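Take a look at the structure set out below.
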Amino acid sequence: MKSKRRVFIIGPAHPLRGGLATFNQRFAEEFLNQGYDAEIYNYKLQYPGIFFPGKSQYTDEPAPERVLIRTIINSVNPFNWIKVGRQIRRERPDIIIFRYWMPFFAPCIGTIARIVRKNRFTRILAIADNVIPHEKRPGDSLLTKYFVSSMHGFITMSEAVKEQLQTFTSKKPILYNPHPLYDNFGEALEKNDAKLELGLNTDTDYILFFGFIRAYKGLDILLEAFSDQRLVEKNIKLLVVGEFYDDEEKYYRIVKANNLSERIVFVKDFVPDSRVKYYFSASEIVAQPYKDATQSGVTQIAYHFNKPMIVTNVGALPEMVPDGKVGYVTDVCAVAVADALLKYFDHPDKELFIAHIKEEKRKYSWDNFIKKIVAECC
């Protein structure tokens with residue numbers, strides 16, 4: 001009897017929280033669904049506390065039942081990297097898929113990969129979420145080169161990241177494979193039921209801004225757009241849900257200067273997976289006014305819940321959100337975002353957006369995502 005192919009995913013997982021952990025767990029589950037033996041090698045120390053801007057790196061949610069998670073990697077301890085690399089080399093998995101999202105992890109990932117490569121058996125790949133980080137630091141390029149040279153090949157979920165990678169390597173294969181749906185947050189609820197659960201007004205429409213609040217995500221642009229008098233006259237509120245990883249005060253100054261306090265609901269907490277469905281179900285539309293982007297997991301949550309989107313013309317956002325069909329693509333400025341929001345709320349038949357979303361999201365299945373990786377990279 002032929003043994004199952006073994007796949008190790010190396011990146012954040014439970015009890016670490018956030019989009020990467022959620023993705024990796026769903027990724028491993030889909031490999032299991034397709035008959036592979038899959039497990040995750042997780043970080044026991046992901047970021048030293050002084051480098052982490054949020055309230056906690058950990059979740060209180062239960063661990064996934066089907067996925068084996070080995071929490072053994074220390075991101076800042078070279079002796080640990082050597083130990084982990086040797087352990088994986090002895091295990092001889094068929095495929096390793098690292099998650100790479102910032103140069104801070106390049107020494108750890110690059111060292112483990114180099115040690116594993118010595119078994120001359122394992123195919124070593126990386127999903128590169130970002131190559132050039134949103135918030136740049138000295139040494140990023142040197143660290144990225146160290147990471148890139150340790151891999152056999154790469155998967156990117158946006159053309160923008162693929163182009164970034166091509167500046168570091170012209171010889172190694174790079175597969176563009178769009179971000180699959182986040183379909184693990186449960187089914188959508190009736191809009192008013194979700195509003196009641198969250199204590200929101202059932203007579204008001206809500207625009208959702210969701211996720212960690214960083215400077216590049218453009219919440220300031222959205223706040224300025226929301227002060228447009230044309231929107232003030234409508235029964236609309238802005239629902240801002242996510243921890244601040246940026247100076248809160250600069251956003252509150254915009255709110256105060258434009259008299260927006262009665263029209264904005266801030267939820268300044270990390271939202272556990274079991275609660276995500278309420279915020280998306282309660283909202284009319286999802287806004288991503290990013291100043292810089294590669295791909296966005298928020299887009300794929302919105303697709304799962306059949307929510308139209310307003311996105312800016314950066315990174316992979318216009319690739320993922322066909323303009324005028326599943327929402328609107330705008331320039332990176334408050335006036336353009338306000339125009340797009342007004343265009344949406346004045347649209348005579350919003351159900352057309354929902355129909356296009358249901359059609360468009362078929363291409364983003366996990367089944368297709370994994371089969372494409374195996375066919376073209378392994």
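Given the options LEU142, LEU125, name the one that is in contact (Cβ under 8 Å) with a residue 60 or more places away in the chain and either out of contact with any Lys or Arg (no Cβ under 9 Å at 6 or more places or on another chain) or farther than 15 Å from THR169 by Cα (or both).
Going through LEU142, LEU125 in turn, the sole match is LEU125.
Does TYR245 satisfy being assigned by TED's automatic domain parsing to the domain that holds ASP331, touching a helix residue (DSSP H, G or I) at 6+ places or on another chain (Cβ under 8 Å) and either of a type outside the set (Lys, Arg) or farther than 27 Å from VAL329 by Cα (or both)?
It is false that TYR245 is assigned by TED's automatic domain parsing to the domain that holds ASP331, touching a helix residue (DSSP H, G or I) at 6+ places or on another chain (Cβ under 8 Å) and either of a type outside the set (Lys, Arg) or farther than 27 Å from VAL329 by Cα (or both).
Would you say SER150 is outside the structural domain of MET320 (by TED's automatic domain parsing), modelled with pLDDT under 95 and not in a helix (DSSP H, G or I)?
no
Would you check which residues across the stretch 147-174 are over 30 Å from SER274 (Cα atoms), of a type outside the set (S, T, N, Q) and buried (at least 17 other Cβ atoms within 10 Å of the Cβ) and list them?
Hits for the stretch 147-174 are PHE147, VAL148, MET151, HIS152, GLY153, PHE154, ALA160, VAL161, LYS162, LEU165, PHE168, ILE174.
Just for the stretch 90-110: of the residues that are at pLDDT 95 or above and surrounded by fewer than 19 Cβ atoms within 10 Å (Cβ to Cβ), which one is nearest to the chain's Cα centre (by Cα)?
Result: PRO107.
Quick check on my filter: what residues within the stretch 124-142 are surrounded by 16 or more Cβ atoms within 10 Å (Cβ to Cβ) and of a type outside the set (Gly, Ala, Ser)?
If the condition is that a residue be surrounded by 16 or more Cβ atoms within 10 Å (Cβ to Cβ) and of a type outside the set (Gly, Ala, Ser), then ILE124, LEU125, ILE127, ASP129, ASN130, VAL131, ILE132, PRO133, HIS134, ASP140 are the ones that fit.
Got a number for residues in the stretch 255-298 being touching a His at 6+ places or on another chain (Cβ under 7 Å) and either crowded, with 21+ Cβ neighbours inside 10 Å or under 29 Å from ALA355 (Cβ atoms) (or both)?
2
Specify the residue that is farthest from the chain's Cα centre (by Cα); the eligible residues are those in the stretch 168-182 that are without any contact (Cβ under 8 Å) to a residue 40 or more places away in the chain and closer than 22 Å to SER296 by Cβ. Working first, answer last.
Of the stretch 168-182, the ones without any contact (Cβ under 8 Å) to a residue 40 or more places away in the chain are 168-172, 174, 176.
Now restrict to residues that are closer than 22 Å to SER296 by Cβ: 174, 176.
Numbers: ILE174: 20, TYR176: 16 Å.
By that ranking, first place goes to ILE174.
Given the criterion out of contact with any Gly (no Cβ under 9 Å at 6 or more places or on another chain), outside any strand (DSSP E or B) and without any contact (Cβ under 8 Å) to a residue 60 or more places away in the chain, identify the matching residue among ARG90, ARG114.
ARG90
TYR252 - would you say it is among the aromatic types (Phe, Trp, Tyr), surrounded by fewer than 16 Cβ atoms within 10 Å (Cβ to Cβ), touching a residue at least 60 places away in the same chain (Cβ under 8 Å) and out of contact with any Leu (no Cβ under 9 Å at 6 or more places or on another chain)?
Criteria not met by TYR252.
For the structure I just gave you, tell me whether LYS343 is surrounded by fewer than 24 Cβ atoms within 10 Å (Cβ to Cβ), basic (Lys, Arg) and touching a helix residue (DSSP H, G or I) at 6+ places or on another chain (Cβ under 9 Å).
no
Would you call LYS237 touching a Phe, Trp or Tyr at 6+ places or on another chain (Cβ under 8 Å) and farther than 30 Å from LEU125 by Cβ?
Yes; evaluated as a whole, the condition is true for this residue.
If a residue must be at pLDDT 95 or above and either at positive phi or small (Gly, Ala, Ser) (or both), how many such residues does the stretch 121-147 contain?
So the count comes out to 2.
The values are calculated or read from the model by the stated rules, or taken from the named source; none is laboratory data. It should be emphasised that the depicted structure is a prediction, and the values quoted were computed from it without experimental measurement. Glycine also receives a Cβ, built like all others from the backbone with ideal geometry; neighbour counts cover every protein chain displayed.
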